Amino acid sequence: MSIAENIARVTERIAAAACRAGRQPEDITLVAVSKTFGADAIAEAYRAGLRTFGENRVQEFAEKAPHLRELGILDSGEWRMIGHLQSNKAGKAVELFNAVDSVDSVHLAERLSASAEKLGRTLAVLIEINIAGEEQKSGVAQDSPVLDALLAAAPRLTNIRILGLMTVPPWSEDAEASRPYFRRLRELRDQIAARHLPAVAMDVLSMGMSNDFEVAIAEGATHVRIGTAIFGKRTKL
Ligand SMILES: *Cc1c(COP(=O)(O)O)cnc(C)c1O
């Protein structure tokens, strides 16, 4: 199956899942996770109509960006950093990406805002939640004081906009195993939204990957991050 055929199938499945949930397919953004794949594969997805892409390493995307520019798609694509980001790479990330979905510390948020300010930009960000409290995983635990500290810092972080939450639940073959985590993320989003905090929006829920995106849509995902079902199996890490 070609990338274009894969995209057609995934797009149909997203629409069907949205309809089953009484939602509009347009309210769900497909983030094509292109990590480990080259600029040509990204261009193929772009020609099939996709505009939003997710990458998980700053250095890897820095190497792809010039090729994407040559192909004429760098400036019209939306590039989202979905992987763990070290604070010392914040400046480079702001140069390369339109959004960072993996903010998990006040320090990182401060570095991103300061870097964006230098470039005269505003960066969209999501707070990554480690929804199952897994030790080896990045993200803020839902009951961590870091979450409140990030939300409280929002008004002074003038060059980032906190737009919502992102999570990666524990991996399971069974998509239904993700459902309680997706539901929990939505409840957390609703609780934060109900506080009407200054400079905090909670419109985005980024959750669901190739194996469980339909369940995520049923639980309220606005962004699904899909790699394998579009580009095929990754052979590199
Ligand atoms: C790799 C990755 C995805 C995509 O995973 P697939 O199972 O290939 O769809 C989504 N989100 C994050 C954070 C990832 O690192």
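The values are calculated or read from the model by the stated rules, or taken from the named source; none is laboratory data. Please read these numbers as outputs of a predicted model, since none were measured by experiment. FYI the Cβ positions are ideal-geometry reconstructions off the backbone, even for glycines, and counts take in every protein chain you see. The protein model used for the area step is the full one, side chains on, heavy atoms only, and it has no ligands, DNA or RNA in it. Shrake-Rupley method; radii C 1.70, N 1.55, O 1.52, S 1.80 Å.
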Averaged per residue, the 1.4 Å probe accessible area of the range 20-70, protein heavy atoms only, in Å², is roughly 50
Taking the dipole of the chain about the Cα centre (Lys, Arg +1; Asp, Glu -1; charges at Cβ), the one of Ala116, Phe97, His196 that reaches farthest to the positive side is Ala116
Around Ser210 (Cβ within 13 Å, Cβ-to-Cβ, excluding Ser210; K/R +1, D/E -1) the net charge comes to +3
For the pair Glu12 and Lys92, the simple spin-label estimate (label points 7 Å beyond Cα toward Cβ) gives in nm 4.1
Given backbone amide H placed at 1.01 Å from N, residues whose amide H is under 5 Å from that of Lys35, ignoring those fewer than 5 places away on the same chain, are Asn56
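How do the peptides 18-28, 130-140, 155-165 rank, highest first, by the average count of neighbouring beta carbon atoms within 10 Å per residue?
The densest-packed peptide leads the list: 155-165, 130-140, 18-28.
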Per the rule of 0.36 nm per residue minus the C-alpha distance, extending Asp203 to Ala41 adds in nm 55.3 nm
With -39,500 (n - 2.57) per DSSP H segment of 4 or more residues and division by the full residue count of the chain, the 222 nm estimate, nearest 500 deg cm²/dmol, is -12000 deg cm²/dmol
Averaged per residue, the 1.4 Å probe accessible area of the range 88-196, protein heavy atoms only, in Å², is roughly 47
All alpha-carbon distances of the range 120-237, grouped into 5 Å bins from 0, give the whole-percent distribution 2, 11, 20, 23, 18, 13, 8, 4, 1
Karplus-derived 3J(HN,Hα) from phi for the range 64-75 (6.51 cos²θ - 1.76 cosθ + 1.60, θ = phi - 60°), whole Hz, x at Gly and Pro, runs 7, 3, x, 5, 5, 5, 4, 6, x, 10, 5, 6
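Ordering Glu176, Glu60, Glu70 by how much accessible area each has at a 1.4 Å probe, largest first, what is the list?
Ranking Glu176, Glu60, Glu70 by accessible area, largest first, yields Glu70, Glu176, Glu60.
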So, over other residues within a Cβ distance under 14 Å of Ala17, counting Lys, Arg +1 and Asp, Glu -1, the net charge is -2
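Leaving out ligands, DNA and RNA, and with a 1.4 Å probe, what % of the accessible surface on the chain is carbon or sulfur?
On the chain, the fraction of accessible area on carbon and sulfur atoms equals 49 percent.
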Lys pairs in the chain with Cα under 18 Å (8 or more apart in sequence, or on separate chains) total 10
Amide H neighbours of Ile160 at under 5 Å, excluding residues fewer than 5 places away on the same chain, with H built from the backbone geometry, are Leu123
For the range 222-235, in residue order, the Karplus 3J(HN,Hα) values (coefficients 6.51, -1.76, 1.60; θ = phi - 60°; whole Hz; Gly and Pro = x) are 9, 10, 10, 10, 10, x, 3, 5, 9, 9, x, 5, 7, 9
In order over the range 34-49: 3J(HN,Hα) from phi, Karplus 6.51/-1.76/1.60, θ = phi - 60°, whole Hz, x for each Gly or Pro, gives 9, 3, 6, 9, x, 4, 5, 5, 4, 4, 5, 5, 5, 5, 7, x
If every Lys and Arg gets +1 and every Asp and Glu gets -1 at its Cβ, then about the Cα centre the chain yields a dipole, in debye to the nearest 20, of 340
Answer in debye to the nearest 20: the dipole magnitude of the range 134-209 about its Cα centre, from +1 Lys/Arg and -1 Asp/Glu charges placed on Cβ, is 380
Here, the chain modelled as identical Cα point scatterers in vacuum has Debye log10 I(q)/I(0) at q = 0.14 Å⁻¹ of -0.90
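Below 15 angstrom from the Cβ of Gly49, what's the summed charge of the other residues (Lys, Arg +1; Asp, Glu -1)?
Cβ neighbours under 15 Å give a net charge of -2.
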